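Have a look at the structure that comes next, please.
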Amino acid sequence: MNPSRSQVSPGGSSRPQRGFTLVELLVVIAIIGTLVGLLLPAVQAARESARRSACINNMKQLGLGLLNFHDARSVFPGATLGDMRWTCGPKALGPLVMILPYIEETVRYNKFDLTKEFNDPVNVTAAGGTMPPLTFLCPSYGEKKSAVANHYCPGTGVNFTTGVTCYLGVRGAANDYSNKATRGVFGLLLTGNGFYSGLPYANPATTKIKDITDGTSKTFIYGEFRPDSQIVVGQSTTIDPDNRWCPWSLGHVLEGSGSTKTMLYSPNQVAGFTQYIQWASHSFSSWHRGGVHMVRADASTGFVGDNIDITVWKNLATIAGGETNTLFE
């Protein structure tokens, strides 16, 4: 008897061995493939839900850090620590540096020299090079987390790699590309015509809670921003080498890069790019489908849909506009 063709059963009889036929094997593979196809979207959705929850937590921590800063100093940090001129003038550090001690990042904060510029080697090292603090990055953000900052300043030998942030301050509501805007928490105090002219005509506002007469629960203070937005608007095909958008440790710069944005466009609205001054007004944006997370001046967070009424959106950007229509779903 050929043992490969039959086997003896416990009762002494023999029965032929039988494996899967090709058709049966293909059916099993097809069933497994169908189940995987059904489960994969659910797994991806669960992962994105977890990332969104982590993003909300980041923004909550940021909001609490700003409030704790206010409790300690009776004022919110300004959009920048110093001069905001472009033309390779001083580039000051920004509000995310100032709140580091209030979000359990005191060790990193102590490495900065607040008397020096953003692009000073001491502060470049303190900023951590290619890796910004994870609290300042949305977990859903899938592009590079750092870029070469070669406009601080070109030709002067101070090019360096710096980490970016997915969260920027609200400077106010705007109706055009100028630096003029109805004042938000990180507003500017303008002394000129509101357009970039290379002159030191603006200073960061120093906002206190008592200044937010619209109510802290009705005023946005920070929001999501995609560091790869210059790719989205067609200004560049990569966030290298022109990282003027949102280095995490940079303060506000008049041409619109740095720590703040005005609310001119709806969330995630793609605006055209024809001049550098438009940077200041590019939309708050995110990698989340359908909208952006925002944090209010009372540290509460909310998800704002792309289809929010533009008037309501702008009303939420001001600290003392006197608007009553601030409800959104």
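Would you point out the residue of the stretch 274-289, among those that are part of a loop (DSSP other than H, G, I, E, B) and surrounded by fewer than 18 Cβ atoms within 10 Å (Cβ to Cβ), that is modelled with the highest pLDDT?
Arg289
Ok, one more. What pairs can you find where one residue is in the stretch 317-329 and in contact (Cβ under 8 Å) with a residue 24 or more places away in the chain and within 17 Å of Val295 (Cα to Cα), the other is of a type in the set (Ser, Thr, Tyr) and surrounded by 17 or more Cβ atoms within 10 Å (Cβ to Cβ), and their Cβ atoms are less than 6 Å apart, with a gap of 6+ or different chains?
So the pair list comes out as Thr318/Thr182; Ile319/Thr219.
Only residues that are touching a Gly at 6+ places or on another chain (Cβ under 8 Å), farther than 30 Å from Glu143 by Cα and modelled with pLDDT of 85 or more: list them for the stretch 184-230, please.
Across the stretch 184-230, the qualifying residues are Thr207, Thr213, Asp214.
Can you name the residue in the stretch 113-138 that is part of a loop (DSSP other than H, G, I, E, B), of a type in the set (A, V, I, L, M, F, W, C) and touching a residue at least 40 places away in the same chain (Cβ under 8 Å) and is also nearest to Gly251 (Cα to Cα) among such residues?
Phe118
Run Gly256 past the list (1) surrounded by fewer than 24 Cβ atoms within 10 Å (Cβ to Cβ); (2) modelled with pLDDT under 60; (3) of a type outside the set (S, T, N, Q) and report the number of the one that doesn't hold.
(1)
Restricting to the stretch 117-143, name every residue that is charged (D, E, K, R) and surrounded by fewer than 16 Cβ atoms within 10 Å (Cβ to Cβ).
If we filter the stretch 117-143 for residues that are charged (D, E, K, R), which is where we start, we get 117, 120, 143.
Of everything in the stretch 117-143, just one residue is charged (D, E, K, R) and surrounded by fewer than 16 Cβ atoms within 10 Å (Cβ to Cβ), namely Glu143.
Would you call Leu40 among the hydrophobic types (A, V, I, L, M, F, W, C), at pLDDT 95 or above and closer than 30 Å to Gly302 by Cα?
no
Within the stretch 309-329, count every residue that is modelled with pLDDT of 90 or more and crowded, with 17+ Cβ neighbours inside 10 Å.
7
So, one more: Across the stretch 99-111, what is the total count of residues that are within 22 Å of the chain's Cα centre (by Cα) and either of a type in the set (Phe, Trp, Tyr) or in a loop (DSSP other than H, G, I, E, B) (or both)?
Result for the stretch 99-111: 5.
Is it the case, given these coordinates, that Phe20 is surrounded by 10 or more Cβ atoms within 10 Å (Cβ to Cβ) and either more than 27 Å from Leu100 (Cα to Cα) or at pLDDT below 85 (or both)?
Yes; evaluated as a whole, the condition is true for this residue.
If you don't mind, another one. Run Val292 past the list (1) surrounded by 24 or more Cβ atoms within 10 Å (Cβ to Cβ); (2) of a type in the set (A, V, I, L, M); (3) at pLDDT below 90 and report the number of the one that doesn't hold.
So Val292 meets the others, but not (3).
The values are calculated or read from the model by the stated rules, or taken from the named source; none is laboratory data. Just so we're clear, the structure is a prediction, and the values are computed from it rather than from any experiment. Glycine also receives a Cβ, built like all others from the backbone with ideal geometry; neighbour counts cover every protein chain displayed.
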